[in-house]
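The values are calculated or read from the model by the stated rules, or taken from the named source; none is laboratory data. What you see is a predicted model; the values in this text were computed from it and never measured. All Cβ positions, glycine included, derive from the backbone under ideal geometry; neighbour counts span all protein chains shown. Side chains are part of the model used for accessible areas, which takes the heavy atoms of the whole protein and leaves out ligands, DNA and RNA. Shrake-Rupley method; radii C 1.70, N 1.55, O 1.52, S 1.80 Å.
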Amino acid sequence: MPLSVVLSLSGAPPSRVAVGSSPLAELTAALHAYTEAEHHPRAIHWARGLETHGTDPDPDPNPDPDLSPAPAPAPTVSAFDPVLRRRVRDWAPLWSSYRARYLLPLGAVGDRPLGAEVEDIARLPLPLFAELTAYAIRGGNSGMPLDRVLEERAQREGLLEAAERRSTARSELARRLLHAPESLRTDLLDLLDRAARALEPDLARAARAISGRLPELRRAVEHDGPGRALAALDPAASYRDGPPRVVFDKFHHGIVNVATTPVLVVPSVFGGPHLLVKHEPGFAAVVQYPLLPESDDQPGYATVHRRLEVLRDPGRQRIARAIAREPLTPSELATRSGMSLPQVSRHLARLREAGLVTVERDGRRAYYQLHLERVRRLGDDLLTALFH
């Protein structure tokens, strides 16, 4: 049975879905993209560039025309010194695939300054901060509750055991949390401050890109309704009636009743390719979705799978090789391939349905050519779909 996160919209007025920016969510998305760069094909060069100083103090915000209007991380102008680099990697479990809940807005209010969002972390009751940190260190909130991890021996031992199985970094964070939780929080807040200052040029550029797209998203929510607007954010999402709901294809299962749990939708430059749906009891649900270039046609897993299946056939491979070099008519393809015209037509139909060919007409003749960019991107698209 496929896993999914469902936002149930029954009885929820449109005002229950808000749209806004979150500097804290974008900061930790950038830290995640740095520490797990292999999951972010568009950000690999940016992440590597953090380890050397940039050479352009005021780069064009859209240096690559293929990325215009620049919702993917542009060339790095920020830099991490060796000490900060090591600290960011030591704390990486908190912003890995299971993000610590307090690293996203705790309420359904966006457009707050970074300082206010960080102050929310500082004001969390210590037992709640410890619980949320423990879930992030463990890598999820399924399994034994960790709501009394500072007090109950079984929860402490369970956290240590789970952390030790995952990595040395997680084990060290778990021990620090259990030994001196307030000191750990102080160090975390200091790290967030230092990382934000080190990344300030790149985060400022990301903030401009996000700000430019917020009005469009707000209009979509108002005009199309929250359900359809949310489903349009992700090629693997769908809007369904009876009852109204949005279904996100994820690797875990969850149901969010929007009538009782408000939702904040947060665009992200550094979050791509992941769409993150964060929902935990007692807090607003947050949907952090990646901004893509307006010309981008990032396919979902089903589309990538279909394209790979279509190209497996030897006959279609022969046709693809021919029309990769030049546009050809079906009749010319039949002559060159040794196939009958009906066979060629069937293969071309499959390639066209998968979006792998373009067609230009000259009078009564149709010329087919391989969509070179989509074929070239298949490897990256597959990785993006797998990590989504």
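The portion of the accessible surface of the chain made up by carbon and sulfur, rounded to a whole percent, is 52 (1.4 Å probe; DNA, RNA and ligands excluded). Residue-wise HN-Hα couplings along the stretch 84-95, as the Karplus relation 6.51 cos²θ - 1.76 cosθ + 1.60 with θ = phi - 60° gives them from phi, are 5, 4, 5, 5, 4, 6, 5, 9, 3, x, 6, 10 Hz; Gly and Pro carry x.
Note that the stretch 132-139 has calculated 3J(HN,Hα) couplings of 5, 5, 4, 4, 5, 5, 5, x Hz, one per residue in order, obtained from phi through the Karplus relation 6.51 cos²θ - 1.76 cosθ + 1.60 (θ = phi - 60°); glycine and proline are x. Taken over the stretch 149-207, the ratio of Cα radius of gyration to 2.2 N^0.38 Å equals 1.49. The residues of the stretch 294-384 expose on average 61 square angstrom of accessible surface per residue, using a 1.4 Å probe on protein heavy atoms.
Among the trypsin sites (Lys or Arg not before Pro) in the stretch 284-386, those placed in a DSSP loop whose Cβ has at most 12 other Cβ atoms within 10 Å are Arg364. Calculated mean residue ellipticity at 222 nm for the chain: -14500 deg cm²/dmol, from DSSP H runs with n ≥ 4 weighted as -39500 (n - 2.57), summed, divided by the residue count and rounded to 500. In the elastic network of the chain, a GNM with C-alpha springs shorter than 10 Å, the most mobile of Asp90, Asp202, Asp241 is Asp241. When Rg and Dmax are taken over the Cα atoms of the stretch 242-388, they come to 20.9, 67 Å.
By the compact-protein rule of thumb, 2.2 N^0.38 Å, the alpha-carbon radius of gyration of the stretch 269-350 corresponds to a ratio of 1.76.
Expressed as an acute angle from 0 to 90° and rounded to the nearest 10, what is the orientation of the C-alpha long axis of helix 301-312 relative to the principal long axis of the chain? The helix 301-312 is inclined about 40 degrees to the chain. Across Ala324, Ala207, Ala169, mean-square fluctuation computed from a Gaussian network of the chain (C-alpha pairs under 10 Å connected) peaks at Ala324.
Each Cα pair under 8 Å and six or more residues apart adds its separation to the average, and for the chain the resulting relative contact order is 24 percent.
Before I look further, what does the stretch 162-279 give for accessible area per residue, probe 1.4 Å, in whole square angstrom?
Counting only protein heavy atoms, the per-residue value for the stretch 162-279 is 47 Å².
Estimated translational diffusion coefficient (Stokes-Einstein, Kirkwood radius over Cα pairs, 10 °C, 1.306 mPa s) of the stretch 304-362: 138 µm² per second. Against the main long axis of the alpha-carbon atoms of the chain, helix 200-224 sits at an angle near 70°. If one takes the longest principal axis of the Cα atoms in the chain, at what angle in degrees, from 0 to 90 and to the nearest 10, does the Cα axis of helix 181-198 lie? Helix 181-198 sits at roughly 50 degrees to that axis. With each label modelled as a point 7 angstrom along the Cα→C-beta vector, the Ala302-Thr52 pair spans 4.4 nm.
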